[in-house]
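Following: one structure in structure tokens, then a few remarks.
The values are calculated or read from the model by the stated rules, or taken from the named source; none is laboratory data. These numbers were taken from a predicted model, which means no experiment stands behind them. Here the Cβ positions follow ideal geometry from the backbone for every residue, glycine too, while neighbour counts run over all protein chains shown. For accessibility, only protein heavy atoms count, side chains too; no ligands or nucleic acids. Shrake-Rupley method; radii C 1.70, N 1.55, O 1.52, S 1.80 Å.
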Amino acid sequence: MTALGKLLRTTAFQLTLVYLVIFIVFAFSLLGYFALNTRRLITEQITTTVDTEITGLREQYTQGGIRRLVIVVDLRSRRPGSSLYLVTTATGEGLAGNVGSLEPGVLDHPGWLETNYRRLEAPEGSDHRALVEVVQLPGGFRLLVGRDLEERERLFGIIANAGQWSLALVIVLGLAGGFFVSRRVLNRVEAMTDKAQTIMAGDLAGRLPIAGTGDELDRLAEHLNAMLERIEALMRGLKEVSDNIAHDLKTPLTRLRNRCEQALRGSAGVDDYRAALESTIAESDELIRTFDALLMIARAESGQARDNMIEFDAADIARDVCELYEPLAEQKGLALKVEAPLAAPVRGNRELVSQALANLVDNAIKYAGPEAAKVNGAAAEIVLGAGADGNRIALSVADHGPGIPDADRGRVVERFVRLEMSRSLPGSGLGLSLASAVARLHGGELKLEDNHPGLRSVLALPRAGPVSA
């Protein structure tokens, strides 16, 4: 398709044509209304003037007869800019007036009519148009009085001429404006199309151009760019997950193979085989938990879990998780308690919120043991909190462990990320990632704060649930 064809097919140009046609119809309707009313006004003025003159001439005829009427008409006919006058006998013979010729039959039809005429002493072919009134006087005489319509026709012609030039000017300016606007819009759309093609070719870092005008195309580009950033982040996360899975699962799978191979090559005792099988099952359970966590994160990030959102009390979840982990905390020498004096109703996925809070408690028990609390000079306890925070519900887990440095708090919520001090402890590096994904699913956030000393993890969720829900 040619450049001109593209231009003519743009929505902007077609809208310009529609508005141009509407404006032309409106302008011509206005001009037509003005012209017709002007014509009517001039006609009314002529009829009023002629009626007044005929009334006066009738009185002259009544007072002095035909002789006096002829004298008065003759005098009036000689005045500059006078009306049209004609007095005839019953047979049509002219007695007085300034009309040299009329259309045949005009004097035979009393009343108002428009006719062509020629004044006395005017050359042949110099006919004009006039509005005249014919009356029949007693005695069979006829009187014609009228006014030339040249002024009316001239004014009408001026309006018509102005309308034609206005039409031409409007069409030229409208088409020029349409081409300008359409070309500008088309250039921006083509720039966006070219960039979209490069993105489709695999360049996910590309972004649609923004002109900075704040118009609808800029708003569309901003939303699409935000979508592209999200897609790029998801693709980058997918790549990182794939790399991390390949890296982090290689070690346990290698251990499984080595233990099986060692059991086959070692002694054939029942106890040895049992120990090998038990260690294999334990390692397999750890792998299954890793995959379950990955599936739960994917479920949260996809938004599918929003279909199962209900109203529940976050304080009940805090108490349930505390009751579940209290024996494990006691084994580690930690006191686990809940601070949730009031109900904390919230809308969300109860299963995922419970799992996210459980992950936070599990991390606190794992890293904030009594030794770490003693080093920090604090009590060996973990406090679960649930309560209102404005239009949000906050579920918190506070410990007195080593905490997380500020520089690493944005990184620890990524999949399979484990800090150096935690590599010697069991875990997959997915606990905080799952908690962060659950918070985003609900339209909230996971905040990692200082507990002075230790770490305070806060799961902040909107009371009414996510907006899209």
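Within the range 263-290, residues that are more than 18 Å from Leu253 (Cα to Cα) have Cβ atoms under 8 Å from residues that are acidic (Asp, Glu) and surrounded by 10 or more Cβ atoms within 10 Å (Cβ to Cβ) in these pairs: Gly266/Asp272, counting only partners at least 6 apart in sequence or on another chain.
Within this structure, Asp218 fails the test of being among the acidic types (Asp, Glu) and assigned to a loop (DSSP other than H, G, I, E, B). Annotation: of all residues in the range 264-311 being of a type in the set (Gly, Ala, Ser) and modelled with pLDDT of 75 or more, the one that is least open to solvent (accessible area, probe 1.4 Å) is Ala276.
Scanning the range 187-207 for residues that are among the charged types (D, E, K, R) and either modelled with pLDDT of 80 or more or assigned to a helix (DSSP H, G or I) (or both) turns up Arg188, Glu190, Asp194, Lys195, Arg207. Within the range 172-209, the set of residues being small (Gly, Ala, Ser) and in contact (Cβ under 8 Å) with a residue 12 or more places away in the chain comprises Gly174, Gly177, Gly178, Ser182, Ala191, Ala196, Ala205, Gly206. Among the residues of the range 84-103, at least one is without any contact (Cβ under 8 Å) to a residue 12 or more places away in the chain and closer than 23 Å to Ala122 by Cβ. Here Glu153 meets the list (1) part of a helix (DSSP H, G or I); (2) over 39 Å from the mean Cα position of the chain (by Cα); (3) in contact (Cβ under 8 Å) with a residue 60 or more places away in the chain almost entirely, failing just condition (3). In the range 175-186, the condition of being open to solvent by 60 Å² or more (accessible area, probe 1.4 Å), part of a helix (DSSP H, G or I) and more than 30 Å from Leu217 (Cα to Cα) is met by no residue.
Scan the range 203-213 and tell me whether some residue there is open to solvent by 40 Å² or more (accessible area, probe 1.4 Å) and hydroxyl-bearing (Ser, Thr, Tyr). Within the range 203-213 (the criterion being open to solvent by 40 Å² or more (accessible area, probe 1.4 Å) and hydroxyl-bearing (Ser, Thr, Tyr)), the answer is yes, since at least one residue qualifies. Selection of the range 19-35 for residues being among the hydrophobic types (A, V, I, L, M, F, W, C) and either open to solvent by 90 Å² or more (accessible area, probe 1.4 Å) or in contact (Cβ under 8 Å) with a residue 60 or more places away in the chain (or both) yields Leu20, Ile22, Phe23, Ile24, Phe26, Ala27, Phe28, Leu30, Leu31, Phe34, Ala35.
Among the numbered conditions (1) open to solvent by 70 Å² or more (accessible area, probe 1.4 Å); (2) in a strand (DSSP E or B), the only one that Ile158 does not meet is (2). Scoring Ala335 on the criteria (1) open to solvent by 70 Å² or more (accessible area, probe 1.4 Å); (2) modelled with pLDDT of 85 or more leaves a single failure, condition (1). Given (1) assigned to a helix (DSSP H, G or I); (2) touching a helix residue (DSSP H, G or I) at 6+ places or on another chain (Cβ under 6 Å); (3) open to solvent by less than 50 Å² (accessible area, probe 1.4 Å), where does Ala168 come up short, assuming only one miss? Tallying (1) assigned to a helix (DSSP H, G or I); (2) touching a helix residue (DSSP H, G or I) at 6+ places or on another chain (Cβ under 6 Å); (3) open to solvent by less than 50 Å² (accessible area, probe 1.4 Å), Ala168 fails exactly one: (2). Being touching a residue at least 12 places away in the same chain (Cβ under 8 Å) and either outside any loop (DSSP other than H, G, I, E, B) or open to solvent by 80 Å² or more (accessible area, probe 1.4 Å) (or both) is the requirement here; does Glu232 meet it? So Glu232 fits the description; yes.
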